[in-house]
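Contents: one structure, followed by commentary.
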Amino acid sequence: MAKSLDLSLILFVLYVFTAAIAMARNLEEESSGDTEFVKASCEITTYPDICFRSLSSYASEIKKRPRQLAETALAVSTARAKSAKTYVSEMTDYNGITKRQHAAVVDCIEEMGDTVDRLSNSLKELKHLEEGESGQDFWFCLGNVRTWTSAALTDETTCLDGFGGKAMDGELKRLIRTHIVRVAQDTSNALALINDFASKH
């Protein structure tokens, strides 16, 4: 009787162990597939390496879903835009700032505020869309998402334009440019992924 119980216990442990290994392999393969999906999708963007670095850590949440990928890209861009706006806002007190530079910084803060608003609106609108939808409401909402995201990209460019010319060259311009360019790259990538999502409908 005891031997029979021991054998049953051993078989049960082996079964659980085998099932755990199989599950771990499946999860690993699924995770690898999700990451490959993000990498392949990022290839259609203007900045594929930045796209993959920004989004690969969310691969398990994205799970080969184009809408979820576009939504995540927008969320990343929105977060970066908020951070950049905060950073630029702190530059109004930059040591040795000239009157012209100060005016450019103030304008840039306004542009980045518009960027944050537009990207946030795009993100909210995109959340209403489903993978399989393709009706009139779907295209209306998607049109809004594309328009607002494109406008956000224009806002970012306008901010940088304010620092044009040799008179504006220097450390302040370099610091601000570094932050805004990265937001613009993320926004450009998000727009490309939104358009890719649209092309699948």
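For the pair residue 64 and residue 137 in one chain, pulling the backbone fully straight at 0.36 nm per residue adds 23.9 nm over the alpha carbon distance. List the pairs from 39/166; 64/85; 39/124; 85/200; 63/173; 85/166 whose alpha-carbon separation is above 29 Å, in the order I gave them. Those over the limit are 39/166; 64/85; 85/200; 63/173. Placing dummy labels 7 Å off each Cα toward the beta-carbon, the span from residue 196 to residue 181 is 2.4 nm. Taking the Cβ of residue 177 as the center, what net charge do the other residues with Cβ under 12 Å away carry, scoring Lys and Arg +1 and Asp and Glu -1? Combined, the nearby Lys, Arg, Asp and Glu give -1. The phi torsions of segment 65-72, fed into the Karplus equation with coefficients 6.51, -1.76 and 1.60 and a -60° offset, translate into couplings of 10, x, 5, 5, 5, 5, 5, 5 Hz, rounded to whole numbers, with Gly and Pro shown as x. The stretch between residue 53 and residue 166, if pulled fully straight at 0.36 nm per residue, gains 37.4 nm over its current Cα-Cα span. Given R0 = 22 Å, the distance between the Cβ atoms of residue 107 and residue 174 translates into a calculated FRET efficiency of 0.80.
Taken together, the values in this text are just the output of simple stated rules run on the coordinates, not laboratory data. Just so it is clear, the structure is predicted and the values come from calculations on it, not from any experiment. Heads up, the Cβs are rebuilt from the backbone with ideal geometry, glycines too, and the neighbour counts pull from every protein chain shown.
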